[in-house]
Amino acid sequence: MQNEIEQCECDSILHWESVFQAIAQPTLVLDTQHVVIAANRAALNATGLKLGEIVGTKCYQHFHNPDSTCPPDGCPLMKVLESGSLESVEMEMEALGGSYMVTATPVVGKDGRVDKIIHTATDITAKKKSEKEKERLKEQLEQAQKMEAIGRLAGGVAHDFNNILSVILGYAEVVMDQLGAEHQARPDLEEIRVAAGRAADITKQLLAFSRKQVLELRVFNPNQAIRDMEKMLGRLIREDIVLEFELDERLYNIEADWSQIQQIVLNLVLNARDAMPKGGKTLIMTRNQIVDEHPAVGYMGIKPGSYVEITVKDEGQGIQEEIKEHIFEPFFTTKGCSQGTGLGLATVYGIVQQHGGGIMAESQPGKGATIRVWLPKTNRKPLFQTMLPLRSNQTLGGETVMVVEDAEAVRRLAKRILDQIGYNTLEALSAKEALEKSQSHPRPIHLLLTDVVLPDNNGKELFDTLKKSRPDLKVVYMTGHADETIARHGILNEKAGFLQKPFTIQSLTKAVRRALDRLA
C-alpha cells in the first residue's frame, strides 16, 4: 500500500513538472523573498539563462535590473504579500526590454500561510506597439479633422470678408479719384485704403490655409524656384544668420503653382530666422523621397508615392512637444503680439495640402527645428511658358460686359467702375438671370465677368452655356475663394482671366482689358 502511495506521488510530481514546462508563458515559482525555486523552459528562453543560473537568485535581477537590490515599484509579488489576500494580482510592467502582463498567484502551505508565489509573465510588447500605433493614427486623424474644420471656417470667413473689403477698397478709390489729389479728406481715405489692403493680406493667408486659392499649375523643378529667390532670402535674414543650400540636382519635377512654392520656402525661412534671435545657420535642402514605410505616411493625409522633399532646418530654440501639434493652426504663435499674425506656418500648411502633399515638424527644445515638406512628383515634362498675344489697339472701354455676382454691393461697385470708364454693363445676380438677359439682349456681349460660385450654378458652367450662343464671348472669373474642385478642373487656363477679391479699380480694369484684348 505504501509503495502504491509513493508511486502515485511520484506520478503526480512528474505530471506537475510536465504541465509546468508546457506553459507557454515564462513562469517562475518564488518564495516570499523573491527567490526563484523553479523556472520553466519559457522563462529560461526569455532570460537566456540556464536553470542553475536562475534558481536561487532574486527574480527581479533577471527580469528587470541585474544590479537591483530590491524589487521594482509596483511589483505584484509585493502586492500579494502586503495585502494578505489569496487572490491573484495582475499588472502591466516593463521587463526584459519589453512590456509584460505579470500575474502573481499566492500558494498556501500546510500551515495555512502563503509560502510560495507562482509568477507568470505574458509578453504584450507587440500588442502595446499596436495600441500605440492605433493611438498615434487616432491622434493624427483627430488633428487632421480639426485642421479641416478650422480651414473651412477660415475659408468661409475670408470669402465673406473679401466681399466686404472689395466694397471698402473700391469705393474708397472711387471717392479719392473724385476728390482729387489736394482735397483735405484724401489722406483719411488713403488710411482707409491702406487698412483695407492689410486686411486683404490676412484674408489671403486664410485662404491659403483653407486651401481655397486658385492655383496656376505648371510643371517645373523646385530647385529653379528656390534659386530664383536666393538673393531675396539673403536680404530678408539678418547678418548673423548663415543661409546654406543643399539642392539635389536629380530632383523630380512637380506640377504646382510657382509663386505658392516660393511662398512655402519664404515662410519657412522667416520662421527659422525668428527662432534664432542670437543667430545661427539655416539650411534649405531638396531631395527625392519615396514615401512608403516612412513615418510621414498617413500624417496630415499624405499617401505613399514619389515625392520631392523640401526641408528647412534651423539651429534655433526648438519647439516644445506640447505646442508642436498646434504650430500649423492659424493665429497660433509663441511670438509677441507685435511680431506676427500667427499665419506663416498655417499658410504653408494650406498650400502643401492644396498641392496634395504633406508637412511634418521635427524638433526638440534647444536643438533647433526641421520642417519637411513633401510635394508629389509628376512625370509630365515642363512646357515653355508663353503669354498669348494681346491686341493693343484699345485701352479704354466701349465693349459690353455682363457682371454676374450675387453680392449686391460688389456687383454695383463693379458696374459703377466699368460704367465710369466707358463700358456698357449688364448685371445679374444668378446664372439663371444671366441666361435670361443674354437671350433678351440683341447686341453682342463681349465679356462675362462672373463670380466663381453662384447661388444656382458655378461661373464656368455659366460661361460654357453662354458661349454656345455667343462663341466670341471672353470670360474673367472673380472670387474671394475658389472651390478646390473647380480650381483644379479648368477654370483657370490660358484663355480665361481671373480677378481675386478684394479687387481695386486698377486690378478690375486691368483684368477686364487684358481679357478683351486677348486673341481667341
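The values are calculated or read from the model by the stated rules, or taken from the named source; none is laboratory data. Here the structure is a predicted model, which means the values were calculated and not measured. We place every Cβ from the backbone using ideal geometry, glycine too, and count neighbours over all the protein chains shown. Heavy atoms of the whole protein, side chains included, go into the accessibility calculation; ligands, DNA and RNA do not. Shrake-Rupley method; radii C 1.70, N 1.55, O 1.52, S 1.80 Å.
Of everything in the stretch 419-434 that's more than 41 Å from the chain's Cα centre (by Cα) and open to solvent by less than 70 Å² (accessible area, probe 1.4 Å), which residue is farthest from Met176 (Cα to Cα)? Write out each step before concluding.
Taking the stretch 419-434 as the starting set, the residues that turn out to be more than 41 Å from the chain's Cα centre (by Cα) are 419-426.
The next check asks that each one be open to solvent by less than 70 Å² (accessible area, probe 1.4 Å); those that pass are 419, 421-423, 425-426.
Working: Asp419: 17, Ile421: 16, Gly422: 19, Tyr423: 21, Thr425: 23, Leu426: 26 Å.
If we take residues in the stretch 419-434 being more than 41 Å from the chain's Cα centre (by Cα) and open to solvent by less than 70 Å² (accessible area, probe 1.4 Å), then Leu426 is farthest from Met176 (Cα to Cα).
Considering only the stretch 435-443, I want to know if a residue exists there that is open to solvent by less than 20 Å² (accessible area, probe 1.4 Å), in a strand (DSSP E or B) and either at pLDDT 90 or above or touching a strand residue (DSSP E or B) at 6+ places or on another chain (Cβ under 9 Å) (or both). Break it down stepwise before answering.
Residues of the stretch 435-443 that are open to solvent by less than 20 Å² (accessible area, probe 1.4 Å), as a first pass: 438.
If we keep only those that are in a strand (DSSP E or B) too, we end up with none.
Within the stretch 435-443, not a single residue is open to solvent by less than 20 Å² (accessible area, probe 1.4 Å), in a strand (DSSP E or B) and either at pLDDT 90 or above or touching a strand residue (DSSP E or B) at 6+ places or on another chain (Cβ under 9 Å) (or both).
What pairs can you find where one residue is in the stretch 433-459 and closer than 19 Å to Val410 by Cα, the other is of a type in the set (Ser, Thr, Tyr) and in a loop (DSSP other than H, G, I, E, B), and their Cβ atoms are less than 8 Å apart, with a gap of 6+ or different chains?
Within 8 Å, the pairs are Leu454/Ser430; Pro455/Ser430; Asp456/Ser430; Asn457/Ser430.
Only residues that are open to solvent by less than 30 Å² (accessible area, probe 1.4 Å) and touching a Ser or Thr at 6+ places or on another chain (Cβ under 8 Å): list them for the stretch 159-172, please.
Scanning the stretch 159-172 gives Asn162, Leu165, Leu169, Gly170.
Could you grab me the full set of residues in the stretch 22-58 that are surrounded by 15 or more Cβ atoms within 10 Å (Cβ to Cβ) and small (Gly, Ala, Ser)?
Listed by number, the residues that qualify are Ala38, Ala39, Ala42, Ala43, Ala46.
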